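Each value in this text was obtained by applying a stated rule to the coordinates, not by laboratory testing. Computed from a predicted model, the values in this text were never measured in an experiment. Every residue, glycine among them, receives a Cβ derived from its backbone with ideal geometry; neighbour counts consider all protein chains shown.
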Amino acid sequence: MGARGGVPIRDIREFLNRECTRIDANRNLKFTTESQRPRSFTETFFGVFLCDKSFHIFAFIRVHSRLVCRLLELLGLLELLKMTQTDRVSPALLTDLYQLTMAYGYWKEGMREKEAVFHLTFRHQPFGSGYTIACGLEDAIEYIQNFRFYPDDLEYLASLRDANDAPIFEPAFLDYLSGLTIACDVDAVPEGTVVFPHEPLLRINGPLLQCQLVETTLLNIINFQTLIATKSARICLAAQGAPVLEFGLRRAHGPDGGLAASRAAYIGGCAATSNVLAGKVFGIPVRGTHAHSWVMTFNTELEAFAAFARAMPANSIFLVDTYDTLQGIRHAIEVAKELKNNGHQFLGIRLDSGDLALLSITARRLLDEAGCPDAKIVASNDLDEYIINSLREQGARIDMWGVGTKLVTAFDQPALGGVFKLGAVRDPGTNWQYRIKLSEQAVKVSNPGVLQVRRFERGNEYFADMLYDEAGPSPQSRTIVDLADVTLRRRFPKDADGRDLLVPIFRTGKLVYTRPTIHEIRKNATTQLSKFYSGIKRLLNPHIYPVGLEPNLHEVKARLIEEHRRETELAPED
């Protein structure tokens with residue numbers, strides 16, 4: 001059978017399969033198992049296209065836009081790329097308007113090729129934590145790789161009007177945007193790295209206009225996922241080795257928020273998710289049994305448990321608090337005996353309300369007395385790190401924790417507060433001119449330069465981080481100047497080893513970074529945390545990990561502050 005326009009399906013399949021090889025090579029795709037790889041792009045595209053045009057097809061289009069444009073052209077279906085509110089989101093338009101108006105200003109002033117360095121940092125530890133887990137780089141890479149303005153994007157921008165009812169953007173600028181891709185150098189800390197306030201999680205160096213355009217989306221991606229990964233790490237540390245399951249999809253901030261939260265929660269340490277799509281997309285283990293509605297559907301709780309055991313004998317964890325928790329435990333034990341008689345293992349019960357400490361202790365006794373010592377007790381019910389820590393202190397006998405709302409919404413701190421600040425500018429081929437942002441609040445004063453972070457380690461333990469200027473001489477000093485108190489200086493032992501945290505991701509727009517699997521990222525986060533002093537991992541009043549400026553960078557910063565203050569003092573009064 002032929003496609004529209006008389007193009008044989010066979011030719012399209014050959015085209016797609018040829019493109020599969022090329023794209024795999026260019027994008028450095030990694031598959032943990034061969035079964036995860038689509039057998040062909042034909043299978044991927046046509047399977048998705050025929051089954052769900054409303055969601056996955058446009059996710060695929062975003063990732064492989066040029067390939068799909070060519071395919072749709074062959075099929076005579078190019079109109080499918082017309083944007084609607086529910087179809088797809090243009091990567092380039094996912095931004096604040098002022099990024100585009102500044103870009104237009106740079107273009108208008110002939111500054112589009114002026115070079116700039118921006119740093120993505122944050123100012124305060126979230127949740128009163130002593131550490132933060134960097135997350136979101138994978139999605140940031142995808143965003144930069146696929147940044148482009150579609151024809152309908154440019155049509156929309158052309159429709160925008162200023163206060164005089166004239167077009168905001170002139171046609172020549174929109175024509176310039178039509179061929180724009182991101183050709184910058186990007187360095188970042190790998191996902192799962194433990195980071196601290198004022199340290200750059202990402203640094204972008206390239207044409208000023210391009211750097212400006214990506215600010216909002218990079219912040220959107222990295223702020224949220226870093227926040228959730230950090231919350232997850234705190235919860236998992238409170239659980240002290242007991243598995244934590246992420247159950248938050250139904251309370252997450254929309255479908256995209258739910259997917260991103262599941263990914264970040266796994267990186268932070270969660271063992272599995274209830275989010276089936278996250279399991280498919282990211283390779284995260286999925287877990288789940290039944291809800292209260294299952295029990296309520298049957299005439300009795302015992303009948304409900306027995307029916308579920310018949311349906312899923314190898315996935316039998318019973319939710320026991322629909323009516324009376326203690327009676328529910330006894331019903332679960334009764335069905336557990338039938339499972340055992342039929343050659344199946346009873347996995348356990350879930351507590352979702354009431355006094356979880358007391359109920360878990362009672363449940364453990366009843367299960368053990370009934371000959372079910374291996375049955376696990378899972379607890380849920382608006383848990384977070386503080387409640388889990390309290391329950392453990394009360395002697396709760398809980399083997400596994402299900403955490404949802406307070407994890408995926410970052411309930412007690414809904415935003416990281418990341419910022420994207422200019423560190424230096426220059427005309428191509430000239431020296432960097434450093435820039436600094438001042439404020440009445442000391443914490444909001446930015447750090448100038450082309451920043452790198454060097455972490456010092458001794459005896460398999462990290463003990464301090466140094467921010468230094470990569471554009472200057474390589475740091476020889478073993479001293480850092482405290483960011484909050486410039487009179488405080490710390491010296492490092494001579495035998496301490498230093499390692500730079502930011503690694504190359506893109507060079508002039510080309511991906512040079514080998515992307516780790518999500519499982520490798522998760523392991524990295526766990527390994528990193530294990531090498532820090534236990535005091536920074538306390539839930540309350542954690543130890544403050546030393547982070548400071550290399551002395552030469554401190555002098556540059558102090559000089560810039562003094563120069564700007566002097567200009568303010570000499571400015572004529574109105």
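Hey, could you grab the Kirkwood Rh for region 142-239? Inverse mean 1/r over distinct alpha carbon pairs, Å, one decimal.
Value: 16.4 Å, from the Cα pair sum.
What are the lysines whose alpha-carbon lies under 18 Å from the alpha-carbon of Lys376, with same-chain residues fewer than 8 places away excluded?
Lys337, Lys340
Along its three principal axes, how long is region 186-237 when you only count alpha carbons? Whole Å, largest extent first please.
Result for region 186-237: principal-axis Cα extents of 42, 16, 16 Å.
Write down the Kirkwood hydrodynamic radius of region 226-291, to one decimal in angstroms, obtained as one divided by the mean of 1/r over all alpha carbon pairs.
Result for region 226-291 stands at 11.6 Å.
Step through the residues of region 399-415 one at a time and calculate ³J(HN,Hα) from phi using the Karplus curve (6.51 cos²θ - 1.76 cosθ + 1.60, θ = phi - 60°), rounding each to whole Hz and writing x for Gly and Pro.
9, 8, 10, x, 10, x, 3, 6, 8, 6, 9, 6, 3, 8, 7, x, 8
Taking the convex hull of the alpha carbon atoms in region 291-391, what volume per residue do you get, in Å³?
Residue-normalised Cα hull volume stands at 94 Å³.
Restricting attention to region 483-546, which trypsin sites (Lys or Arg not before Pro) occupy a DSSP loop and are surrounded by at most 15 other Cβ atoms within 10 Å?
Lys494, Lys531, Arg538
What residues qualify as long-range amide H neighbours of Gly402, i.e. H under 5 Å apart, gap of 5 or more or another chain, H built at 1.01 Å from N?
Answer set, sorted by chain and number: Leu245, Ala379, Ser380.
Report the GluC sites (Glu not before Pro) located in region 341-440 that are in a DSSP loop and have at most 12 other Cβ atoms inside 10 Å of their Cβ, or state none.
Loop-located and lightly packed - Glu440.
Quick one: pull the percentage of alpha-carbon pairs in region 355-494 with a separation above 18 Å.
Across region 355-494, Cα pairs with separations above 18 Å total 74 percent.
Here are some pairs, Lys231/Lys280; Lys421/Lys510; Lys231/Lys444; Lys437/Lys557; which of them have Cα atoms lying more than 19 Å apart in this structure?
Beyond 19 Å: Lys231/Lys280; Lys421/Lys510; Lys231/Lys444.
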